[in-house]
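The values are calculated or read from the model by the stated rules, or taken from the named source; none is laboratory data. Just so it is clear, the structure is predicted and the values come from calculations on it, not from any experiment. FYI the Cβ positions are ideal-geometry reconstructions off the backbone, even for glycines, and counts take in every protein chain you see. For the accessible areas, the whole protein counts, side chains as well, though only heavy atoms, and no ligand, DNA or RNA atoms are used. Shrake-Rupley method; radii C 1.70, N 1.55, O 1.52, S 1.80 Å.
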Amino acid sequence: MTILWIILATIVAALVALFHYGYIFSNKKNNKQKPWFAFLRFLTVFTILILFLDLKFDKTTYQTIKPLLLVQVDNSSSIAQLKVNEDLKTDYEILIEHPTIKDNFEVQRFSFSNQVQPLDRINFNGAETNIYNAIEQPQKLFKDRNKAVVILTDGNQTSGNSYRYATIDSKTAIYPIIYGDTTNYPDLKITQLNVNRYSYLNNEFPVEIFTSYNGASTVTTQFKITSGNTTLHQEQIRFSKENTSKIVNLNLTSKQVGTQSLRASLTPLTAEKNISNNYRNFAVEVIDQQTKILILSNVMHPDLAALKKAIASNQQRDVSIQKTIDNPDLNDYKHGYFL
């Protein structure tokens, strides 16, 4: 459409110039200056028409963007412990140096243990393995790009959310390469523990523990809550292929002021390999905020004992009975009854 308007402007400008200087519809003789004047008039009219038309020229540029290939290397110490570190390094070098892959993908390299970071060097000294992050973080960093994520790992996750529950968007494809023993072993796990951070002395505080089991057979394990060498609670839990989870709800009593360190545990199975997730440590800070109440009376009466018992029914109240001759320090008491 733009070219058509330019052609029309050219024709109109030419007709105006030729008509104005007598080249058409005129019997006048042309002189030598008229062609130049006619050409200048043509340029003037043509320029004005182009400005009035306000033509726009669009330019489309095409660029080929290669899909991403993100290579994630498990840099945790478990790789070396399984003695598959050399196999992983060899496969990694083959993968990133393959000519077909280099021609068709934009390759970016990362390592992960407890965190995902750009790959500097492979030393297998990470203390933890979080495979969930290795799946989730590339999707957040390159959410608008088509990408394939290759994960080289032993599949042994020791921290973070379970990678089974990681979401994979439509622009991402995950390709795991697993090293070591890939046999499925039964596994008990404490997945979550909920408890209040504070409790009052001699009060009960609730504890909620989520446990799970991965295995094909029916098993029974012992669940315990301990404080040092003291067992505060224990019970048997039964799991099966159909019943793979159980929530334990219980109340514990805070018996001494200060931070009370506790541990929830599941007794490991004989065939269980990973027992680090069978335990969960937690703590509760016990606060002593008893209200001291004084009943001051010079007359001894049976109702005083009944009154004291009624007030002390709340464990947060400490009640005492004294006479005025005892000269008690009233500043030690928050409330007083004078009878």
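Which percent of Cα-Cα pairs in the range 127-179 sits in each 10 Å bin, short to long?
For the range 127-179, the pair-distance distribution reads 25, 56, 19, 1.
If the limit is 28 Å between Cα atoms, which of Lys83/Lys171; Lys224/Lys255; Lys102/Lys171; Lys66/Lys89 go over it? Each step should come with its number before you reach the end.
Numbers: Lys83/Lys171 34 Å; Lys224/Lys255 18 Å; Lys102/Lys171 20 Å; Lys66/Lys89 25 Å.
Cα-Cα > 28 Å for Lys83/Lys171; rest within.
Could you give P(r) for the range 68-211, binned at 5 Å from zero, as whole percent values over all Cα-Cα pairs?
Reading upward from the zero bin: 2, 8, 17, 19, 17, 13, 8, 5, 4, 3, 2, 1, 0, 0, 0.
Return the tail of the calculated pair distribution for the range 246-292, meaning the percent of Cα-Cα pairs more than 14 Å apart. Intermediate values should be presented prior to the final figure.
On the way: 709 of 1081 pairs.
That fraction is 66 percent.
Just to be sure I understand the curve: with the Debye formula and one point per C-alpha of the range 221-282, what is log10 I(q)/I(0) at q = 0.28 Å⁻¹?
-1.42
Using a cut-off of 13 Å between beta-carbons, work out the net charge of the residues near Asp144 (Lys and Arg +1, Asp and Glu -1, Asp144 not included). The partial results should precede the final answer.
Details: positive: Lys140, Lys143, Arg145, Lys147, Lys171; negative: Asp169.
The answer is +4.
Give the whole-number value, in cubic angstrom per residue, of the convex hull volume spanned by the C-alpha atoms of the range 88-170. Spell out each step's value before the answer.
Values: hull volume 8.6 nm³, N = 83.
In the range 88-170, the Cα hull volume divided by residue count equals 104 Å³.
Rank these residues by their accessible area, most exposed first, probe 1.4 Å: Ser217, Ser159.
On the way: Ser217 65, Ser159 25 Å².
Ranked list, largest accessible area first: Ser217, Ser159.
Given the convex hull over the Cα atoms of the range 160-228, what projected area results after averaging over all orientations, in nm²?
Working: hull surface 36.1 nm².
Taking the Cα atoms of the range 160-228, their convex hull projects to 9.0 nm² on average.
For the range 147-261, compute Rh as the Kirkwood radius over C-alpha pairs and then the Stokes-Einstein diffusion coefficient at 37 °C and 0.692 mPa s; write the answer in µm²/s, rounded to an integer. Write down the numbers at each step before the final one.
Values: Rh = 17.7 Å.
Translational diffusion coefficient: 186 µm²/s.
With a sphere of radius 11 Å drawn around the Cβ of Pro186, what net charge do the other residues whose Cβ falls strictly inside it have (Lys, Arg +1; Asp, Glu -1)?
Overall, the nearby charge balance is +1.
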